[in-house]
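A.B. asks: The structure under discussion is supplied below as structure tokens; questions concerning it will follow.
The values are calculated or read from the model by the stated rules, or taken from the named source; none is laboratory data. Computed from a prediction, not measured in an experiment: that's the story for all the values here. All Cβ positions, even for glycine, are placed from backbone atoms using ideal geometry, and neighbour counts span all protein chains on display.
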Amino acid sequence: MQRWRGLEFIPGSWGRCVATIGVFDGVHLGHQELINRAVSLAQDRALPTVLVTFDPHPAEVVRPGSHPAQLTTLRRKAELVEALGVDVFCVLPFTLELSKVPADVFVHEVLVEQLHVAAVVVGENFTFGHKATGNVELLTQLGHRFGFAVEGAKLVTVPNSTPADEITFSSTYIRACVNAGDVAAAAAALGRPHRLEGIVVRGDRRGHELGFPTANLSTPRYAAVPADGVYAGRFSLLNPPGREPLMAAVSVGTNPTFSGRERRVEAFVLDLDEDFYGQRVGIDFVARLRDMERYDSTEALVEQMHRDVDRTRELLS
């Protein structure tokens, strides 16, 4: 898969393509259905599929300080869409200037003149252009004018408590699940466990003293970190990849037993005594074990940690 940051990387010999456009944070089941449709349409026409996304998140540019929690890094997003068959991952740097471009100008200058789109596949709630004035209806009209097809894909929904109370799979919904610690619901909408990526940094080494050495994860600024608690998860080395994921009991919080103040993500990797310092890793959150609690003694905490490890092994084996 080719990766472009900005339209200046488009080859001079670039022909027509099928494009899909959006932030695609999480690459959840709704996104996957959209991308699969774009890939299928491109294959039918013997054309490449281009996924157009934005960095930073448009909300942060239009309303500074409003950047939502990030479900996937750009690197992870690229890996996920490549696995779906996308040929080009195109990141448009989102600037204040780009946010002011009228919808029809964006279509003409980006989709028509630069990407030469033959078809565009977007979600039925897709908006674009200055103040989000463009929608699927306008895009369809512009497609008729400039000679490309438009498909507005329906959102993916599942029944909730009643048929009338459906859940729409969206990045906003998944962020709410992660924020509440409901990693099972997040996984159901993502089609895989929610992942945190980061670099392992030095901690206070208290875990070593207790017999549970942990890898302390330094996460990206806007990463969607689950609610405080203890989780069963899978721990993966990402650079270089290749090793099988390892079972891990993961603690998220301030460690109240020791009056901690800094919120941390710490993974105790089962059945392996290794120093992961400086390595880029991913933690996939599979199940929530319990809330974060304060214990009256170190002994009581250690007993609970043993139970957490046993439960993690039971869930993941």
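A.B. asks: Conditions: (1) without any contact (Cβ under 8 Å) to a residue 12 or more places away in the chain; (2) in contact with a helix residue (DSSP H, G or I) (Cβ under 9 Å, 6 or more places away or on another chain). Gly12 meets all but one. Number of the miss?
C.D. replies: Result: Gly12 passes all but (2).
A.B. asks: Among the strands (runs of 3 or more DSSP E) confined wholly to segment 233-317, which include 1 or more residues that are closer than 18 Å to Gly198 by Cα and among the hydroxyl-bearing types (Ser, Thr, Tyr)? Reasoning before the result, please.
C.D. replies: On the way: elements: 246-253, 264-269, 280-290.
The qualifying strands (runs of 3 or more DSSP E) are 246-253.
A.B. asks: So which residues in segment 210-230 are in a loop (DSSP other than H, G, I, E, B) and more than 21 Å from the chain's Cα centre (by Cα), if there are any at all? If you could, list the steps in order and put the result at the bottom.
C.D. replies: Quick first cut of segment 210-230, residues in a loop (DSSP other than H, G, I, E, B) only: 211-214, 219-222, 224-228.
Gly211, Phe212, Pro213, Thr214, listed by residue number.
Residues are listed down the side, and each one gets a yes or a no for (1) over 29 Å from the mean Cα position of the chain (by Cα); (2) outside the structural domain of Thr72 (by TED's automatic domain parsing); (3) among the polar types (S, T, N, Q):
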site	(1), (2), (3)
Arg263	no, yes, no
Ala267	no, yes, no
Tyr277	no, yes, no
Thr298	yes, yes, yes
Thr312	no, yes, yes
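A.B. asks: Here are some residues: Arg45, Arg75. Which one is within 15 Å of the chain's Cα centre (by Cα) and in contact (Cβ under 8 Å) with a residue 40 or more places away in the chain?
C.D. replies: Just one listed residue meets the conditions, Arg75.
A.B. asks: Considering only residues that are in contact with a Leu (Cβ under 9 Å, 6 or more places away or on another chain) and under 21 Å from Arg3 (Cα atoms), which ones fall in segment 110-136? Spell out the reasoning first.
C.D. replies: If we filter segment 110-136 for residues that are in contact with a Leu (Cβ under 9 Å, 6 or more places away or on another chain), which is where we start, we get 110-112, 114-115, 117-126, 128-129, 134.
Those that are in contact with a Leu (Cβ under 9 Å, 6 or more places away or on another chain) and under 21 Å from Arg3 (Cα atoms): Val110, Leu111, Val112, Gln114, Leu115, Val117, Ala118, Ala119, Val120, Val121, Val122.
A.B. asks: For segment 82-98, state whether one or more residues are farther than 23 Å from Val150 by Cα, of a type outside the set (Phe, Trp, Tyr) and in contact with a strand residue (DSSP E or B) (Cβ under 8 Å, 6 or more places away or on another chain).
C.D. replies: yes
A.B. asks: From the list Leu316, Leu301, exactly one residue is out of contact with any strand residue (DSSP E or B) (no Cβ under 9 Å at 6 or more places or on another chain), surrounded by 16 or more Cβ atoms within 10 Å (Cβ to Cβ) and not polar (S, T, N, Q). Which is it?
C.D. replies: Numbers: Leu316 fails: out of contact with any strand residue (DSSP E or B) (no Cβ under 9 Å at 6 or more places or on another chain).
It is Leu301.
A.B. asks: Could you list, in sequence order, the residues of segment 58-72 that are surrounded by fewer than 19 Cβ atoms within 10 Å (Cβ to Cβ) and either outside any helix (DSSP H, G or I) or in contact with a strand residue (DSSP E or B) (Cβ under 7 Å, 6 or more places away or on another chain) (or both)?
C.D. replies: Arg63, Pro64, Gly65, Ser66, His67, Pro68, Ala69, listed by residue number.
A.B. asks: I've got another one for you. State whether one or more residues within segment 77-92 are part of a loop (DSSP other than H, G, I, E, B), in the same structural domain as Phe9 (by TED's automatic domain parsing) and either modelled with pLDDT under 95 or over 26 Å from Asn239 (Cα atoms) (or both).
C.D. replies: We begin by selecting, within segment 77-92, every residue part of a loop (DSSP other than H, G, I, E, B); these are 84-87.
After this cut, where a residue has to be in the same structural domain as Phe9 (by TED's automatic domain parsing) as well, the list is 84-87.
Okay, now just the ones that are also either modelled with pLDDT under 95 or over 26 Å from Asn239 (Cα atoms) (or both), so none.
No; the residues of segment 77-92 include none that is part of a loop (DSSP other than H, G, I, E, B), in the same structural domain as Phe9 (by TED's automatic domain parsing) and either modelled with pLDDT under 95 or over 26 Å from Asn239 (Cα atoms) (or both).
A.B. asks: Now a separate question. Determine whether Ser40 is without any contact (Cβ under 8 Å) to a residue 40 or more places away in the chain, among the polar types (S, T, N, Q), under 27 Å from Ile167 (Cβ atoms) and assigned to a loop (DSSP other than H, G, I, E, B).
C.D. replies: Numbers: without any contact (Cβ under 8 Å) to a residue 40 or more places away in the chain: yes; among the polar types (S, T, N, Q): yes; under 27 Å from Ile167 (Cβ atoms): yes; assigned to a loop (DSSP other than H, G, I, E, B): no.
No: the conditions fail for Ser40.
A.B. asks: Are there any strands (runs of 3 or more DSSP E) wholly within segment 94-165 with 1 or more residues that are without any contact (Cβ under 8 Å) to a residue 24 or more places away in the chain and either surrounded by 15 or more Cβ atoms within 10 Å (Cβ to Cβ) or out of contact with any Ser or Thr (no Cβ under 9 Å at 6 or more places or on another chain) (or both), and if so which?
C.D. replies: Details: elements: 117-123, 149-153, 157-159.
Of the strands (runs of 3 or more DSSP E) lying wholly inside segment 94-165, those with at least 1 residues that are without any contact (Cβ under 8 Å) to a residue 24 or more places away in the chain and either surrounded by 15 or more Cβ atoms within 10 Å (Cβ to Cβ) or out of contact with any Ser or Thr (no Cβ under 9 Å at 6 or more places or on another chain) (or both) span 157-159.
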